[in-house]
Each structure stands twice: as C-alpha cells, then as structure tokens.
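Right, one structure below, let's go through it.
The values are calculated or read from the model by the stated rules, or taken from the named source; none is laboratory data. Since the structure is predicted, the reported quantities are computational estimates derived from the model, not experimental observations. Positions of Cβ are backbone-derived with ideal geometry, glycine not excepted, and every protein chain shown enters the neighbour counts. The area values use the complete protein model at the heavy-atom level, side chains included, leaving out ligands, DNA and RNA. Shrake-Rupley method; radii C 1.70, N 1.55, O 1.52, S 1.80 Å.
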Amino acid sequence: MANYEVHEYDVLVVGAGGAGLRAAIEASSMGVTVGLVCKSLLGKAHTVMAEGGVAAALANVDEQDGWETHFCDTMNGGKMMNNWRMAQLHAQEAPDRVRELERWGAVFDRTKDGKILQRAFGGHKWKRLCHVGDRTGLEMIRTLQDRGVHQGITVYMECAITRLLKDGNKVSGAFGYFREDGRYVLFKAKAIVLATGGVGKSFPVTSNSWEYTGDGHALAYDAGAQLIDMEFVQFHPTGMVWPPGVRGILVTEGVRGEGGILRNSKGERFMFKYLPEATRNDYAETEEEAKIWVDAAIRGEKTQARRPPELSTRDNVARSIYLEVKAGRGSPHGGVFLDISYQDPDRVKKKLPSMYHQFKELADVDITQQPMEVGPTMHYIMGGVRVDADTAESQVPGLFAAGEVSGGMHGGNRLGGNSLSDLIVFGRRAGAGAAEYAKKHTAAPSIVDDQIKAAIDEMEAPFNRKDGKNPYELQRKMHEIMSTYVGIFREENDLKKGISLLEALKEEIKQVSISGTKTYNPGWHMCRDLRNMIICSEAIARSALSRTESRGAHSRLDYTETDPEQQKSNTAIFQDGDSMKLEKTPTPVMPEELKKLFVKKEPANA
Amino acid sequence: MREAVMKVFRGTDSGSGEFKTYKVPIEEGMVVLDAIHYIQGYLDPELAVRWNCKAAKCGSCSAEVNGHPALMCKSRMDHFPEGQEITVEPIKTFPLVKDLVTDVSWNYEVNKKIPAFKPSENADWTFMQEDIERVQEFRKCIECFLCQNVCHVLRDHDRKDVFYGPRFFVRMAGLEMHPLDTENRAGILKDQAGLGYCNITKCCTEVCPEEIHITDNAIIPLKERVVDEFYDPVAKLFKTIFGKKK
C-alpha cells in the first residue's frame, strides 16, 4: 500500500471559502484543534468572486427593515420550500455576523453618516446588501483569512479530499491527496465540517470555477447523508454571453441594484410584463416611477416610488430573459441588453469598478457608454446536505455542512446577497456544532485500514488503465447531457433521456485513465472529480423528474403551474447499495407566530 | 480556422524543462488562459496550471506571457500580432512545481507575521467614506503575487530572508491607514519587513492588475511613517509627550 501522511484534529474543515473559514474560526475559538483543507490556495475560493453584497437587515439605509422582513423575503423568494428555522436564524443573526466582520477589519462602503451602506437587490423589500463596490466577496474572504491565520488554524492548501472515513456510523476522518505532488494524506478527526461549495462544473455555461465539482455533496452522499432539494439549480440571469471565452462569467446583480435596465432587441423594457401577480404591487408600474426610485437611491434619499422591475427574483428574471431570446428578441449573441450607461460614468466606475474593467478588457465594451449583453448562467445550487438548522449537523453523526453544500436554507430559489450571509451565519454555527460534538466525544477517532486501502486503490487506478477514457472528454459529454436535458426548462422525456445517458456515462467514468506522474497533474485530479460531478448531475436530474410542477428555479414545460400540494415535501436523495434512491420527506412546518408575519402583507409565493 | 502557436514551458525543473509547441484554434475574444485550457482539454491533460475565477478576481493564473508578467485570464490573444508565437512560462521569483505552477507558499508565511488589525476599544464604528478610500484601494489586492514576482529585491537578489515584498507593504498600509486601527507596525516595517530595501522603481505598480498605486500610495507613505517614528527627533519628542500615533 502506498505511503500516506497522518494528521489528527478535533475538527477538520473541508473548504476554505467564507463558510469554511468562519467555521474554522469558531471551532478554534472554542478551544479545540482545527485543521482546514482547501483545494486551491487560501483566499482563492469561490467566495472571492461574490460581488454584489451580503444581506443583513441592519436598517442603515431603509429604517423600516428588520429580521422579520428579511425572513419573509427569503421564504417568499424560496417559494416556501426553505427550512423555516434556517431562514429565521439567518435573518436574525446576519446583522451581528456583518458587524463582526467589520470589527475584524472588513471595510464596507459607508452611508453619508458613516454607517455601513446598503444597496437594493432582487427580491429584497428594502435596501439590505452591505457591500464594497462590486468586490464584497474578496473583502469577506480576506478578512476571514487574516482572522483565521492569527488564530492558529493549520491550513492545508491545494489538498483534495476523496473519502470520508467512518467508524461504525460516525465519521472518524478524511482521506485525500495534495495536488502539488500527489502524496496521500489521512486526517483523523472527531468531527468534520463540509464547506465545499457547489456543483457548477456539471454544466458548460456557469459562473463557477474548476473547483465546483460537488465534492462535499458527493462525500456526504457516499457517507450516508441525504441530499435535499437538488432539483433547485439557480441560473443567474446575467452572465456574460460574448466573447465565447467569457461565456457564463458573472455580471453582478449589483448592476440592477444600482439601476441597470434590461431591454430586448426591440428596445422594450420587458421585465414589466413578467412580474408575477402576487408581487406586482411591490414594483414600479411605469418607467417614470422606476426612474424616480433610482434617482432617489443615487442621492441617498427616501421616495414613495417602488423599485424597478429588474429587481424581481433571480428565477423570474432568468426565465424572462430566456423567453425573450427564444421569442427572437435577443441581442446579437443570444442574450439581452443590460444598460447602466445612462448614469454618470464616474459613478458607474465607482460603484461597479470590476464590472467596468471586466467588460472593457474582456469584451471591448465600455459599460459607461454602451449596454452589456447578458444571459442566464448556472450559478448556484439551492439543494445540498440535509442538516439540523441549529447545529448544521447532517444525519451522519460528526458530519456537519455549511454554505452552498448544505441544503434547506434557500428553498426553491436563493435571493442575491443571501449566500454571503448564509456563509457567516451557518459557518459559525457549523464550527460551533462541530466543536461541541468533538468535546463530547473524547475518544480518539479510529480508522479502518480497509477504507484507506480502498481510497488509495481508487486514486491509483487511472494510472493503471491503458487506453482508457480521457477525463476531459468525459466532462464534455456530461456538459452536453446537462445542458441539453437538465437545463433551465425541463420536461419529463428530456429528463428521462438525460438520466439514461448519465447512467451510461457513469460506466464510462469507471474506465477513465491518465498518464504521467502524480506531480500537479490536473488530468489525474479530473479523473476523481468526475465521480463527484456525476453523482450531483444524477441527483439533480432525478430530483427534477420527481417534482411535477414549476416552482422557483425549477421550471417544467410539462407542468407549468405551481402545485400547492408539492410545497409540502422536499425531495431527498440518498445512497442505497449501488443505486441512488429518492424519497419525498415532509417540508418542516412553520410555527404559528412566524406564519403570522406573512398575513399582513402579500400572499406567500412571490 | 485561424490558429495560434503557443510555446508553453513544460517540466518540473527550470534547468531541464523545455518549451513545447501547441497549435490552438483561435476564437474571438480568446484569452491566453483559454488557449491553455484548450491544450489541457484536447492535447495534453497533464499540463499544470493554476486558475479559478477566469475573471481577474482571484489572482491565481499569474504567468509570464511573452516575457511579460500578467494574469493569463486577462491576456487577450488578439493583442499579440497575428502569426507571432506566444510563449507562456511560470513566474520566476518562486520555486517551480511543474509547468506553469510555482510554489508561492512563502507569501503565506510572511502574511502570518503581520500584526493583526487592532481596533480601538471605544470605537463607535462610524467613519466616513472619504476616510477609507485609500484603505479600500489597498484591499482590492487579489494576491496574484505579480508585484512580488517583479520586485528586484526578491527576483534578482532573492532576499526573501529580509524583505516582505510589495504585496505585504500594501497589506500593512491597509491596516496602518484604517481609521480605527491602533497597532503600530513601524518597527516591523523598518526591521523584519525590510522596507528600506525598496528603492521605489515602481516595477510592482506597473504590473498590478488591480491598478493599485503600490509605490506612491502604500510604500512611500509607509517609508515616511518609519522616518517619523525613528529618525525625526521633533516627532519623537512630540510622541513621548502626547502618546503614540492616531
């Protein structure tokens, strides 16, 4: 058996984006030993790409705001599929977590009276997103990174985890390899926090980086945890569409938050006609009213005018853009136009500096002079590991999950800005949950040798197969399947076809091979990542097939209506022997005092 | 279809490594990182490269393109004359791991030595936008380490033992100029960080993809701070009587 190095911690955190770092900081502050593993260099995780802001009802700009409204917005945005308790904790705790970041050195943009400035975003009733221009994620990850560094957390960079190890029914460690030289490593741990992010690399057009191969989803699934709500995949309405090399790269919702206007090729401001009846009254009725709102927002003044229709929820805006393009009213490269050029160029450069540079340098477009071309891009998965709301523990004892890899918080559709707040609220809770667990379970974790041998054999196999399949070619096949059959609009026959193709691809993946050495060999790494991607792809397709309605980010061509009955159950995916099983489990029912919050305002289901 | 000829450094040792030539079809708007991905995906799955966001936000894909230090995700192929070979090689100041990947872990060790943000205890956390503009400029840094790569003190003289490099002067400037910070880093800047080794040639500023004015806005004011602290007798007397900075 190949050699491997061994480390032991009370708590091992897998993933060093916002959730992983916050979890590690919390666990470490509770006096347990903490190891932190990340697939990239520290500070490069997906959080760094978050742009628009972190949602927290600080009420610095709109004093009417409070956690109750944030809670209702989140549940309405999630089409009431959310775990209400997670949404409640999130809305209640986000303000403290943001203030905490500031005390740790984050420097947010300011209001005129020197408080944290907040901007408007889709589906949020009030101006709620604390931000730093359009690089809020960078500010957050750097702040957490520096805080963590000074707290004695040991970081293992460019290290990928391939297996969770168990002692009986509880986790006892994790096995993986270092990308740099391919050496194997065993982490013994009493508790493990998964904070591995999402699954975007199953799709060809995505705002996600190479890291997003659903590692945590697959590790948890393999370890016996359930994945819930996997049918809910968020397509961000505004990704770049041109030139081809940048297709899918994110254009922050902050552009619309700052007054960006969506138009089709006929010059029509089409979002007015796509507002759902239930929330139509929250949005401006005319271009004039929308303009009054934007002008007031720019001057930092109050107004009775309602917000522009572009600030509808992401699922709705993405669908609307798709339909406009499909109807032949798209831009030259198959998107629509997003225009902020009517505003003062200096203000645009100040509020959206990285968008200005991104378009100028990558697309030869000056956004202060001309509109951008944008279209939907796979951005986020609402589904993930089923966890307890308060502790973030999964159904596998000792295994915790926070951030995008967890499920339940965002239900059927996530509101922009609710991800960064999710990371810090539930990152902290997962770190605390794991530390508490580790303190209670004092026995050293025990490791079964057979499990290590199986893990090593799996990693060695691609080198030993001659004339096997090229991993990149298999990934392209998966992209083709997912974009053709499991895209933004779904239908029974497509999904069934997609599932059978994924089944066939699964067999091909078993024949994947690579040559060369283990020294920084991305092809070898991809061989292993493919397995995670196919698990997530299959879970998405099967969950999508089972939900015979349209709700939030899940749109069915054959079931276009929302079916109130189907709000009552979440879709749960789990492993049963070699096959993937699906079951419907009851959606947690909200207590009466929270239900009352919805009564006085608009009906549920925005 | 038009093709680009890419000469890419391959190997695990800068001495024995060599440039391999690949032909890559050109698409409109393509960047060098796209060409590298094409090579990985279709020609050579073992080619090692670091990248994440592909949108100049993470600072992972630093390399030297035609000898010029740059982010590959921002280097447009159509900025090079048609027909000209494009060479891509790893940044030079850090030890080679393989192909385009270098070992930049030294930077993370340096970061640990920088005294953390220490806000004043009775702060009310109100401060004005104009008071943080400069700090926000420094906090734009994406840690691509291109400034470290081109700094003479590190690149030519390899003084990693006595010098932190421009990236960490920017980081310390961001802390020092925070309106609520109370820590004093002048001693570290002068001694361990080796600020005096910088002879302000501005190479770092020139390569910064975030256009941070590293020399003018971070390094020179820090140098002034060190001078005030250690070499200005009047200021020293003033401080002895009225207390430390801020």
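For the range B:55-103, GluC sites (Glu not before Pro) meeting the loop criterion (DSSP other than H, G, I, E, B) and having at most 11 other Cβ atoms within 10 Å: B:82. Checking every one of the GluC sites (Glu not before Pro) in the range A:508-590 against DSSP loop status and a limit of 11 other Cβ atoms within 10 Å picks out A:561. Run the numbers on the range A:141-161: which residues show a drop of 40 Å² or more in accessible area, chain on its own versus all protein chains together, using a 1.4 Å probe over heavy atoms? Buried on complex formation: A:142, A:146, A:149, A:150, A:157.
Pull out a ≥ b ≥ c, the square roots of the eigenvalues of the alpha-carbon gyration tensor of the range A:236-378, then state rounded if a/c is under 1.5, prolate if not and a/b is larger than b/c, and oblate in the remaining case. In terms of gyration-tensor shape, oblate. Using a ≥ b ≥ c from the Cα gyration tensor of the range A:443-593 (square roots of the eigenvalues), is it rounded, prolate or oblate, where a/c under 1.5 gives rounded and otherwise the larger of a/b and b/c decides, a/b for prolate? Judged from the Cα gyration tensor, the range A:443-593 comes out oblate (a/c at least 1.5, b/c at or above a/b).
Residues of the range B:106-149 that bury at least 50 Å² of accessible area when the other protein chains are present, relative to the chain alone (probe 1.4 Å, heavy atoms, ligands and nucleic acids excluded): B:108, B:125, B:127, B:129, B:136, B:139. When chain B is treated as a Gaussian network with alpha carbon springs shorter than 10 Å, the biggest mean-square fluctuation among B:194, B:59, B:29 belongs to B:29.
Bridgeable aspartates and glutamates around residue B:23 (alpha carbons under 16 Å apart, same-chain partners fewer than 8 residues away excluded): B:3, B:34, B:44, B:78, B:82, B:85.
Sparse packing (at most 15 other Cβ atoms within 10 Å of the Cβ) combined with a DSSP loop state is found for the following GluC sites (Glu not before Pro) in the range A:294-360: A:301.
With all pairs of different alpha carbon atoms counted, what Kirkwood hydrodynamic radius in Å does the range B:19-90 show? Each step should come with its number before you reach the end.
Details: mean 1/r = 0.0803 Å⁻¹.
Roughly 12.4 Å, rounded to one decimal.
Here the spin labels are modelled as points 7 Å beyond Cα on the Cα-Cβ line, and at residue B:43 and residue A:8 they lie 5.0 nm apart. In the protein assembly as shown, the DSSP beta bridges split such that about 70 percent are antiparallel, to the nearest 5.
I'm checking a number: the convex hull volume of the Cα atoms of the range A:11-84, normalised per residue, in Å³. What is it? Mind dumping the intermediate values first?
Numbers: hull volume 11.4 nm³, N = 74.
For the range A:11-84, the hull spanned by Cα atoms encloses 155 Å³ per residue.
On the principal axes of its alpha carbon atoms, chain A extends 72, 50, 49 Å, with the longest extent given first.
The string of couplings for the range A:366-380 from the Karplus curve (6.51, -1.76, 1.60, θ = phi - 60°) is 9, 5, 7, 10, 9, x, 8, 9, 9, x, x, 9, 4, 10, 7 Hz, one whole number per residue in order, with x for Gly and Pro. Each residue of the range A:153-165 is assigned a 3J(HN,Hα), and the resulting list reads 7, 8, 10, 10, 8, 6, 10, 10, 8, 10, 8, 9, 9 Hz, derived from the Karplus form 6.51 cos²θ - 1.76 cosθ + 1.60 (θ = phi - 60°), x at Gly and Pro.
Over the residues of chain B, the helix contribution to mean residue ellipticity at 222 nm works out to -8000 deg cm²/dmol, using -39500 (n - 2.57) for each DSSP H run of at least 4. Straight-line reach from residue A:326: taking Cα to Cα under 27 Å and skipping same-chain neighbours fewer than 8 places apart, the lysines in range are A:79, A:201, A:266, A:273, A:477, A:496, A:497.
Once both labels are positioned 7 Å from their Cα atoms along Cα-to-Cβ, the gap between residue B:192 and residue A:366 label points is 4.7 nm. Taking the Cβ of residue A:440 as the center, what net charge do the other residues with Cβ under 13 Å away carry, scoring Lys and Arg +1 and Asp and Glu -1? In short, 0. Potential lengthening of the chain between residue A:103 and residue A:323 amounts to 74.7 nm, from the contour at 0.36 nm per residue minus the alpha-carbon distance.
Under 11 Å from the Cβ of residue B:30, count the other residues' Cβ atoms, weight Lys and Arg +1, Asp and Glu -1, and hand me the total. Walk me through the intermediate numbers first.
Numbers: positive: B:2, B:76; negative: B:27, B:28, B:34, B:78.
Net charge around residue B:30: -2.
Looking at the protein assembly as shown, the accessible area is 36 square angstrom per residue; that uses a 1.4 Å probe and ignores ligands, DNA and RNA.
Hey, what number do you get for chain A at 222 nm if only DSSP H runs of n ≥ 4 count, each worth -39500 (n - 2.57), divided across all residues, to the nearest 500? Walk me through the intermediate numbers first.
Working: 16 runs with 218 residues, N = 606.
For chain A, the value works out to -11500 deg cm²/dmol.
Looking at the range A:451-586 alone, DSSP beta bridges between its own residues are antiparallel in about 75 percent of cases.
The contact residues of the range A:346-377, meaning those that lose at least 50 Å² of 1.4 Å-probe accessible area when all protein chains sit together rather than their chain alone, are A:361, A:362.
Of all lysines in the structure, those lying under 17 Å Cα to Cα from residue A:466, and not within fewer than 8 positions of it along the same chain, are A:510, A:518.
Carbon and sulfur: what percent of the protein assembly as shown's accessible surface (1.4 Å probe)?
Numbers: 15180 of 30490 Å².
Its accessible area is 50 percent carbon and sulfur atoms.
Counted by Cβ distance under 12 Å from residue A:415, the other residues give a net charge of +1, where Lys and Arg count +1 and Asp and Glu count -1.
Apply the a/c threshold of 1.5 to the C-alpha gyration tensor of the range A:373-503 and tell me whether it is rounded, prolate or oblate. Provide the component values of the computation, followed by the final result.
Numbers: a/c = 2.52, a/b = 1.17, b/c = 2.16.
In terms of gyration-tensor shape, oblate.
FRET efficiency for the residue A:292 to residue B:105 pair, using the beta carbon distance and R₀ = 60 Å, is estimated at 0.65.
Quote the FRET efficiency, to the nearest 0.05, computed for residue B:78 versus residue B:240 with a Förster distance R0 of 51 Å and r equal to the Cβ-Cβ distance. Numbers along the way, then the final one.
On the way: r = 61 Å, r/R0 = 1.20.
E(calc), rounded to 0.05, equals 0.25.
What total accessible surface area, summed over both chains, is buried at the interface between chains B and A, computed with a 1.4 Å probe and given in Å² to the nearest 100?
Numbers: alone 13280 and 22150 Å², together 30490 Å².
So the buried area, both faces added, is about 4900 Å².
If you take the beta carbon distance between residue A:466 and residue B:128 as r and set R0 to 56 Å, what does 1/(1 + (r/R0)^6) give as a FRET efficiency, to the nearest 0.05? Plugging the Cβ-Cβ distance into 1/(1 + (r/R0)^6) gives 0.25.
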